Amino acid sequence: MSAHAPAAQGLSDCREAWVKALEALAQDDDRIVAVVNDSVGSSKLGGFQKKFPDRLINVGIAEQCMVGVGAGLANGGRIPFVSAAGCFLTGRSLEQVKADIVYANFNVKLVGQSSGVAYGELGPTHHSIEDFAWLRLFNTLTVIAPSDAWETAEAVKWAATHEGPVYLRLSRMAVPELDVPNRVFRVGQAELVRKGGDVTIVACGTTVHLAVAAAEALQAEGIGARVLNMATINPLDEAAILAAADETRAIVTVEEASIRGGLGGAVAELTAANRPVPVERVGFPGFVPTGSVEWLFNEFGLSAAGIAAAAHRALKRAKA
Amino acid sequence: MSLQNDTVARIKEKALWMRRRAFKMVYDAQLGHPGGDFSATDIIATLYFGVMNYDAAKPNLPGRDRFIMSKGHATGALYTVLCAAGYFPEDWLATYMQPRSMLNGHPNRNYLPGVETNTGPLGHGLPVATGIAIAGQITGASYRTFVLTGDGEMQEGSNWEAAMTAGNRKLENLTWIVDRNRLQQGAGTEETNGLDPLDKKFEAFGWDVSMVDGHDAEALLAALSAAPTGKPRAIIANTTKGKGVSFMENKASWHHGVPNDDQFATAMKELI
Ligand SMILES: Cc1ncc(C[n+]2csc(CCOP(=O)(O)OP(=O)(O)O)c2C)c(N)n1
Ligand SMILES: [Mg+2]
C-alpha cells in the first residue's frame, strides 16, 4: 500500500510501469524470476533480461510448460512472474493454472499482457476476453486488472510480497493516470473514483477512464453516476456492490472482456442473489469481427456514449 | 519433362505474385507477419500449383486434398495463394484487417472458402490435420492432407502428441512440412529452445523424413509428390525468413515488422 498524488499528464500503456516495478523488485530480491514463452519483447522484458540474464527463463513457444515451470520455480523457492499474452497464458494453460498453480497453491504471479482486445485485427484467437470468467472461478486466485500505470506498479509490488497465486491482467490501452486524490492501492477493495446517487458504474482495467467520461456526460444531463474502480475482480468487494445496489437505482458494469462470467457476471450474480437491481453489462458478447481496437471499442459500446446509453437503459428498468 | 518445367515456371510466377501482393497488403494495413509469409511462400505455391487436387469453385468437395496453415500468422501467404487459386476475387485482398473483413489477421474458416480450420494459436494445425488424415484412413478416402507448421512452433507439446499419434497410426496420407527458417518471434530457435536434430526426432516418432531447400520449387515438388511409404511424411523445408527482400532476410524484427514507404518501394524493386 502506498499513498499517491496523481501528477503525470502523459498517456501510458501500463507495460512500462510493469517492467520498471519488476526490475526494481528484482534488484532487491534475487528470488524474483521471469518466465516467458518467446515473449521477451511483447512483455517488455528486454531490459530485465540484460540485467538478470540468469533469471529470465524463456521456454519458447510452450505455454503449458511455461506455467508448470512457474510452479516448479516456486517450489524451488523462487518468486516467478510468468508473463505472456493473456490469451495464451490463460487459454492454452488453463489446466496448468488450475492444477499446478491454484489447486497446488504455489506462489506464482501470472501476468497477462495485451489483454482484452489489444491485438485488435489479429482476431479472437489473440483476444483475451474470456480470462476473467475462467479465472474468477478459482476462489483462491487473486485477479487484478489495474486502471493505469500507477496502479499497475502498485499491483506488481503487492503481488511480489503477497504469498499466493495472483493473476495480473495488464492492459495495452494508453491512458492518463486516474484523477483520484491521495490514492491508496488496496487489493480487494473498490476504489471510489466519483460520487453519485442515481446509478453506479463499476469498471475495471483501463475502461475505468471510459466510465469516468460517461459519468461526466451523465452529469451534464443531471444524472449522478458513482464510479467504482473494481481493479480486483477476485475476490470481489461485495460490500461496495451491495452498497451501490442500496444507494443507487441501477448498476452498469464495464470491462474489456466478455460480458459473460467476468466482472459483469460477478456483479449480476451477487445482486441477483442478494439485492436485485437492474444491471447492464458493457463488454463483448462473444467472438468479435475483424477490426482495430478503437473500432471494436466503439462498435461494442465501450465508449463514454455507449456506457452512458447503458446507464439510461438500466435506469429505465429501475424502480423510480 | 516439359510438363514439369511448365509446372515449376508456373509455381515461380505465382510465388512472385504472392510475395508482391502480400507485401502490399501488409504495407496498406501496417499490420501482418511478412517474414513468415516469405519463408512459406514457395512451399505453399508448390502445394497449390503443383501438388494438390482441389476445385476452388467447390471448396467443400469431400474428396479434396486438404491444406492446413498451422502457422496462422502468415496470412499474407495464405490469403494470396487462396486468391491465386481462385477461391475468392482479388479485390477481397484489399480489405485485409479492415473492420468486418473476411481477411482477419488469422484465418477463419467461417469467413473464407478454402480455409480448412481456424489457426493463430501455434501448435493446433498438426493435431487437426492428423484428425483429417484419420478420417481419410478409416473411410478409405483417397485425399491427402498437408500441414505447414513453423519451426518455433515445434516447441509446443501438442505437435509431439500428434506426431506420436500419426506415427503410430501410420498415416501415410499425411504430409507435414516444417518451415525451418530457424527464427521465431524474438530470436533464433536454437538459442530460445533448440530443436535440432529435427530429422532424428521425427524418425523416432515413426515418420518418413526428408530435407529440402524450401525455396526450390523443383525439389519441393519432388518431395511432396514422392510415392507413399507406409508412414506419415515429414518434410523439413530449409527456408529463409523474409526470403526475397534483402533487408528482411534472416531478421527476427521482420517477424511482425511492417514496411515504411521507402522499404515498400525497395521491396517492389527487388521482387521481380
Ligand atoms: C500458442 C501461441 N503462443 C504464442 C504465439 C505468438 N506468436 C505468433 S508467431 C510466433 C513465432 C512463431 O515462430 P515460427 O513458428 O518459427 O514461425 P515463422 O518463423 O515461420 O513465422 C509467436 C511466438 C502464438 N501465436 N500462439
Ligand atoms: Mg520460424
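Readers should treat all values here as calculations from the given coordinates under stated rules, not as data from a laboratory. Treat the numbers as computed from the prediction; the structure is a model and nothing was measured. Counting neighbours? That spans all protein chains shown, and the Cβs are built from the backbone with ideal geometry, glycine included.
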Item to check | Nearest-ten-degree value, helix A:304-317 long axis tilted from longest Cα axis of chain A | outcome: 50 degrees
Item to check | Built amide H within the under 5 Å cut-off of residue B:183, gap 5+ | outcome: B:189
Item to check | Exposed-site-free run, longest, chain A (rule: GluC sites (Glu not before Pro); DSSP loop; at most 13 other C-beta within 10 Å) | outcome: A:1-162
Checklist entry - Treating the beta-carbon of each Lys and Arg as +1 and of each Asp and Glu as -1, no other charges, what is the dipole magnitude of chain B about its Cα centre, to the nearest 20 debye? => result 520 debye
Checklist entry - How many angstrom lie between the C-alpha centres of the stretch A:102-116 and the stretch B:162-204? => result 29 Å
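Which FRET efficiency value, to the nearest 0.05, is calculated for residue B:92 and residue A:28 with the Förster distance at 51 angstrom and r the Cβ-Cβ distance? Don't jump to the answer; show the numbers that get you there.
Details: r = 55 Å, r/R0 = 1.08.
E(calc), rounded to 0.05, equals 0.40.
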Checklist entry - Hey, how many Å between the Cα centroid of the stretch A:118-138 and the Cα centroid of the stretch A:6-46? => result 21 Å
Next on the checklist: With just the Cα atoms defining each centre, how far is the stretch A:172-226 from the stretch A:234-262? Give it in Å.
Outcome noted: 13 Å
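Among B:12/B:201; A:44/A:157; A:98/A:157, which pairs are too far apart, with a Cα-Cα distance over 20 Å? Provide the component values of the computation, followed by the final result.
Numbers: B:12/B:201 32 Å; A:44/A:157 17 Å; A:98/A:157 24 Å.
Result: B:12/B:201; A:98/A:157 exceed 20 Å.
Only counting other Cβ atoms within 10 Å, I'd like A:14, B:83, A:65, A:204 sorted with the fewest neighbours first.
Values: A:14 26, B:83 22, A:65 19, A:204 29.
The order, fewest Cβ neighbours first, is A:65, B:83, A:14, A:204.
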Checklist entry - Which of B:70, B:39, B:210 moves most in a GNM of chain B, Cα contacts under 10 Å? => result B:210
Checklist outcome for this item: Rounded to one decimal in nm, the spacing of the 7 Å Cα→Cβ label points at residue A:11 and residue A:238 is 3.9 nm
Checklist entry - With r defined as the distance between the Cβ atoms of residue A:137 and residue B:227 and R0 fixed at 45 Å, what FRET efficiency is calculated, to the nearest 0.05? => result 0.30
Checklist entry - Which distance in nm do the two modelled labels at residue A:182 and residue A:57 give, with both placed 7 Å along the Cα-to-Cβ direction? => result 4.4 nm
Next on the checklist: Give the lysines whose C-alpha is closer than 24 Å to that of residue A:319, dropping any in the same chain fewer than 8 places away, or say none.
Outcome noted: A:195
Next on the checklist: I'd like the orientation of helix A:149-161 relative to chain A: the angle between its Cα long axis and the longest Cα principal axis, in ° from 0 to 90, rounded to 10.
Outcome noted: 50 degrees
Item to check | Average partner coverage of B:93-99, which counts Cβ from other chains inside 10 Å | outcome: 4
Checklist outcome for this item: One would report the antiparallel percent of DSSP beta bridges in the protein assembly as shown, rounded to the nearest 5, as 15 percent
Item to check | For the stretch B:236-243, Karplus couplings with θ = phi - 60° (6.51, -1.76, 1.60), whole Hz, Gly/Pro x | outcome: 8, 9, 6, 9, 10, 5, x, 3
Checklist entry - Amide H of residue B:67: which non-local residues (sequence gap of 5 or more, or other chain) have their own amide H closer than 5 Å, using H built in the peptide plane? => result B:146
Item to check | Residues A:295, B:160, sorted so that the one with the fewest Cβ neighbours within 10 Å comes first | outcome: B:160, A:295
Item to check | Distance between modelled label sites at residue B:138 and residue B:204, nm, 7 Å Cα→Cβ extension | outcome: 3.0 nm
Checklist outcome for this item: Going residue by residue through the stretch A:92-108, the Karplus relation 6.51 cos²θ - 1.76 cosθ + 1.60 with θ = phi - 60° gives ³J(HN,Hα) values, rounded to whole Hz and with x marking Gly or Pro, of 5, 10, 4, 5, 5, 4, 4, 7, 7, 9, 7, 5, 6, 6, 8, 7, 10
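For residue A:273 and residue B:2, what is the calculated FRET efficiency with R₀ set at 60 Å and r taken between the beta-carbons, to the nearest 0.05? Write out the running numbers ahead of the final one.
Numbers: r = 78 Å, r/R0 = 1.29.
E between residue A:273 and residue B:2, to the nearest 0.05, is 0.20.
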